[in-house]
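Visitor: The structure follows.
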Amino acid sequence: MAAANERKSRGLSLSLPRRDPVPQPLPLPPPSADNNNNNNNNSLLHRFRLPLIPAQGRIVSLDDLDLDRKSLLGAGSGGKVYKVVHRWTGRIYALKIIQEKHELDVRRQIMREMEILLRAKSPHLVECYGVFDRGGEVSFVLEFMDGGTLADVLKFHRTISERYLAEVTKQVLLGLLYLHKHKIVHRDIKPSNLLINRRQEVKIGDFGVSTVLAHTLAQCNSFVGTCAYMSPERFDPDGNGGEYGYAADIWSLGLTLLECAIGRFPCLQPGERPDWPTLMCAICLGDPPSPPPDASPEFRNFISCCLQKDAGRRPSAEMLLTHPFVKKSELQPCSVSTLLQGLVV
């Protein structure tokens with residue numbers, strides 16, 4: 001109560017309320033009782049064509065056979081990401097490859113990611129230029145972010161100061177605002193899914209576990225994403241009506257920013273294993289983590305707003321864009337590209 005009164009007295013509280021052989025379209029999952037969007041997916045795939053780009057005075061197709069792999073940018077359970085160069089134009093892209101044969105549920109997830117990537121157009125989201133399927137190996141040609149991820153920056157600098165975090169926060173919130181207005185919950189906001197380039201842009205990437213909500217009031221009820229950044233209502237769906245929604249992304253953003261500020265994952269002590277039971281106890285039963293004592297009142301309040309255990313009390317992305325901590329990025333502008341000095345991707 002005292003903390004709440006202190007925030008109120010300082011005026012920091014918020015009101016709550018993507019030649020030979022020719023690439024083939026992705027195979028659709030067989031019909032099932034719960035695959036209600038099958039017709040929509042068919043329509044999408046029949047409309048899909050290889051993107052065209054200008055090259056040496058003519059228009060050529062962006063084909064993955066014309067992409068030379070230069071380096072491995074990252075790897076995970078979902079596949080690998082390469083830095084590639086288009087032979088005809090010299091343009092650099094990121095090539096995300098989802099390998100191996102896929103189970104029905106995985107194919108549905110790939111289809112979901114394809115649909116989201118093709119229709120999501122925002123300067124605050126990593127752009128998808130093409131999607132290819134060759135022998136069951138699915139590839140996404142993506143915008144190359146030459147500064148890497150926020151996780152790369154954090155590893156290089158150990159911590160990130162508030163003046164930079166304010167600008168990062170503003171751009172990520174604009175990306176979340178776009179997603180949420182289009183009924184998309186990202187479900188995997190974390191440092192490695194926030195990308196930076198040397199044009200001072202921060203963009204949200206990797207929609208592999210995103211979902212398009214059926215309608216404005218629909219909620220998500222599946223366990224996907226990185227559990228370390230999951231909100232309490234995702235760990236304990238029974239205690240929250242079995243549902244979660246856009247507010248889950250706000251919690252994940254709060255944890256991400258706090259991790260950048262203190263240089264370690266905030267819900268666990270150094271050396272503590274990040275297994276499911278430990279994380280569940282820390283996030284569902286423990287108090288939300290707080291910024292260090294020397295953090296600014298604005299940052300402390302912003303993190304407090306994001307890390308409300310009651311999802312209904314978390315402000316929306318639109319509301320958080322008016323928060324004093326975010327407004328600092330306008331009053332004290334800085335170039336996030338400065339964080340990339342000395343960093344090699």
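Visitor: Count, please, the residues in the stretch 295-320 that happen to be part of a loop (DSSP other than H, G, I, E, B) and closer than 14 Å to L165 by Cβ.
Guide: 2
Visitor: Something else about it: Only residues that are part of a helix (DSSP H, G or I) and touching a Cys at 6+ places or on another chain (Cβ under 8 Å): list them for the stretch 281-294, please.
Guide: Within the stretch 281-294, A282, I283 qualify.
Visitor: Continuing with the same structure: If I filter the stretch 278-323 down to residues being of a type in the set (V, I, T) and buried (at least 18 other Cβ atoms within 10 Å of the Cβ), which single residue comes out as nearest to the chain's Cα centre (by Cα)?
Guide: Going through the qualifying residues, I end up with I303.
Visitor: Continuing with the same structure: From the residues in the stretch 77-121 that are of a type in the set (K, R) and either under 13 Å from D206 (Cβ atoms) or not in a loop (DSSP other than H, G, I, E, B) (or both), which one is modelled with the highest pLDDT?
Guide: Checking each candidate, the answer is K83.
Visitor: Could you give me the residue pairs with C-beta distances under 8 Å whose first residue belongs to the stretch 273-296 and is closer than 16 Å to F325 by Cα, whose second residue is crowded, with 16+ Cβ neighbours inside 10 Å and of a type in the set (G, A, S) wherever it lies, and which are 6+ apart or on separate chains?
Guide: Cβ pairs passing all conditions: S290/S304; P291/A261; P292/A261; A295/A261.
Results for (1) in contact with a Leu (Cβ under 6 Å, 6 or more places away or on another chain); (2) within 27 Å of G148 (Cα to Cα), shown as yes or no for each residue.
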position	(1), (2)
F299	no, yes
F302	no, yes
A317	yes, yes
T322	no, no
F325	no, yes
E330	no, yes
P333	no, yes
L340	no, yes
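Visitor: If you don't mind, another one. Does V168 satisfy the condition of being assigned to a helix (DSSP H, G or I) and over 9 Å from the mean Cα position of the chain (by Cα)?
Guide: Yes, satisfied.
Visitor: Let me confirm something: among V224, V185, which residue is farther than 19 Å from M280 by Cβ and either under 14 Å from the mean Cα position of the chain (by Cα) or modelled with pLDDT of 65 or more (or both)?
Guide: Every option except V185 fails the conditions.
Visitor: Would you be able to tell me the number of residues in the stretch 329-345 that are modelled with pLDDT of 80 or more and either more than 12 Å from E167 (Cα to Cα) or part of a helix (DSSP H, G or I) (or both)?
Guide: Residues flagged as modelled with pLDDT of 80 or more and either more than 12 Å from E167 (Cα to Cα) or part of a helix (DSSP H, G or I) (or both) within the stretch 329-345 amount to 9.
Visitor: Could you check, for the stretch 258-277, whether at least one of its residues is within 16 Å of I189 (Cβ to Cβ), β-branched (V, I, T) and assigned to a helix (DSSP H, G or I)?
Guide: Checked the stretch 258-277: no residue is within 16 Å of I189 (Cβ to Cβ), β-branched (V, I, T) and assigned to a helix (DSSP H, G or I).
Visitor: I'd like the full set of residues that are assigned to a helix (DSSP H, G or I), in contact with a helix residue (DSSP H, G or I) (Cβ under 6 Å, 6 or more places away or on another chain) and not small (G, A, S), limited to the stretch 146-165.
Guide: L150, V153, L154, E162, Y164, L165
The values are calculated or read from the model by the stated rules, or taken from the named source; none is laboratory data. Because the structure is a prediction, the values reported are computed rather than measured. A quick note on method: Cβ atoms are made from the backbone with ideal geometry, for glycine too, and the neighbour counts reach across all protein chains shown.
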